[in-house]
1. Taking neighbour counts of Cβ atoms within 10 Å as a proxy for exposure, in what order, fewest first, do A:Ile78, A:Ile151 appear?
2. Name the nearest-to-axis residue of chain A, judged by Cβ distance to the rotation axis taking chain A onto chain B, and quote that distance in whole Å.
3. Can you give me the pair-distance distribution of the protein assembly as shown, C-alpha pairs, 20 Å bins, whole percents?
4. Give me the orientation-averaged projected area of the Cα convex hull of chain B, in nm², one decimal.
5. Other chains' Cβ within 10 Å of A:125-131 residues: what's the mean?
6. List, shortest first and in nm to one decimal, how far the label point of B:Asp109 (7 Å from Cα along Cα→Cβ) is from its counterparts in the other copies.
7. Using a label position 7 Å from Cα in the Cα→Cβ direction, what is the ascending list of nm distances from B:Glu68 to the same site in the other copies?
8. So for segment B:94-208, averaging the separation of alpha carbon pairs under 8 Å that are six or more residues apart and normalising by length, what relative contact order in percent results?
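Laboratory data are not the source of any read-out in this text; all were calculated from the coordinates shown. Just so it is clear, the structure is predicted and the values come from calculations on it, not from any experiment. Don't worry about glycine lacking a Cβ; one is built from the backbone with ideal geometry, like all the others, and counts go over all protein chains shown.
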Number of protein chains: 2
Amino acid sequence: MSTKNSPETSARQAPRVRKSPAERHAEIREAAAVVALEEGLAAITLRRVARQLGVASGLVAHYEPRVEDFVAATFARIAAADRTEVEQAMAGLDDVALRLRAVLASSLDSERLPVTAVWVEAWGLGRRNEALAAAVREEMDSWQELLRNVIRDGVRAGVYSAPDPAAVAWQVLGMIDGLNAQALVRWEGVPDRREHFLSAVEHLLGVS
Amino acid sequence: MSTKNSPETSARQAPRVRKSPAERHAEIREAAAVVALEEGLAAITLRRVARQLGVASGLVAHYEPRVEDFVAATFARIAAADRTEVEQAMAGLDDVALRLRAVLASSLDSERLPVTAVWVEAWGLGRRNEALAAAVREEMDSWQELLRNVIRDGVRAGVYSAPDPAAVAWQVLGMIDGLNAQALVRWEGVPDRREHFLSAVEHLLGVS
């Protein structure tokens with residue numbers, strides 16, 4: 001852990017600068033995201049996050065009094081940041097088919113495995129944490145919307161002929177989620193699974 | 001817990017019957033499966049399983065000295081039993097299209113949610129337990145084979161025109177795994193997702 005953000009250190013080296021509540025809360029959420037990506041959502045406790053930041057547990061409890069909500073918010077932060085990265089990978093691409101390929105390729109990127117692990121854990125924990133389940137559903141809706149919009153653009157441009165972009169979008173999301181979960185145990189299915197996946201999706205989209 | 005299988009009780013009520021090592025081991029594996037389905041794979045410890053059976057931890061340790069292998073074997077037992085049920089749901093159906101629909105419908109049955117939860121947990125834990133990861137890959141291969149065989153039968157019967165049954169099989173498996181994981185947090189996507197799924201699969205199979 002870096003001591004850069006430790007309040008004790010700053011107190012010795014420089015006049016204490018009181019952080020605004022918003023800054024402090026953001027810092028706590030960010031520390032929780034780091035813990036979740038390294039050790040899993042189940043590792044999120046007031047004590048563990050306080051240790052990560054070098055502050056007292058009571059300070060974390062002040063901002064995050066309910067662990068269920070804290071876990072849900074941490075999931076939401078990780079998932080939204082990841083989705084934003086995928087959106088950026090496709091931004092600036094004019095060709096709609098290339099945009100969809102960029103989304104699909106980056107959603108299956110093996111560098112995303114730590115994020116996938118958080119998703120997989122969230123599906124399991126969401127059975128007993130309703131705040132988390134709600135956050136997971138909301139994030140799935142956002143992903144479905146992202147995919148639906150690209151597909152709809154392609155239909156409008158005459159590149160795709162999918163009659164129901166919303167339905168295709170959730171089928172594709174199901175495949176992404178399943179393939180990523182399988183990748184956690186290094187199951188490759190067929191060697192060229194990514195190429196097969198892209199071609200299956202384009203088939204669903206009516207690309208001949 | 002029922003006391004029916006407690007050795008102390010049997011000792012009081014009846015002459016002690018020494019169980020064969022195979023019987024004892026099967027009993028231990030079965031108890032672990034019960035614990036995993038109710039509390040998760042992470043709950044599998046020598047102590048917890050011993051308590052479930054009403055025996056000493058040392059007896060469980062004698063049969064299952066490595067917890068990683070014990071967890072892997074428990075996953076394998078649960079997954080294989082579940083797959084056998086799905087296979088039975090399709091056995092006896094002559095019509096290949098009905099057989100595939102029976103497999104898909106029972107694989108998405110909401111009564112399978114506890115088994116899905118075990119799968120989802122296994123993908124996560126498999127990152128750090130190689131024996132478990134191997135068991136998960138092996139079970140995924142069996143599922144892929146099951147689907148591939150039905151699809152191949154359909155192609156032979158002229159019902160499907162899929163050029164590559166093996167590739168379609170893993171795409172379908174990816175969708176099943178993703179849709180089931182999503183169902184854990186009660187995400188429904190579109191209201192008629194099961195019907196959409198079946199029609200998407202038949203589309204992949206070249207059914208017009």
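1. A:Ile78, A:Ile151
2. Residue nearest the A-to-B axis, with distance in whole Å: A:Gly178, 2.
3. Per 20 Å bin, starting at zero, the Cα-Cα P(r) for the protein assembly as shown comes out as 24, 49, 24, 4, 0 percent.
4. 13.9 nm²
5. The mean count of partner-chain Cβ atoms within 10 Å per residue comes to 3.
6. 4.1
7. Between copies, matching label points for B:Glu68 lie 3.6 nm apart.
8. About 34 percent, as a whole number.
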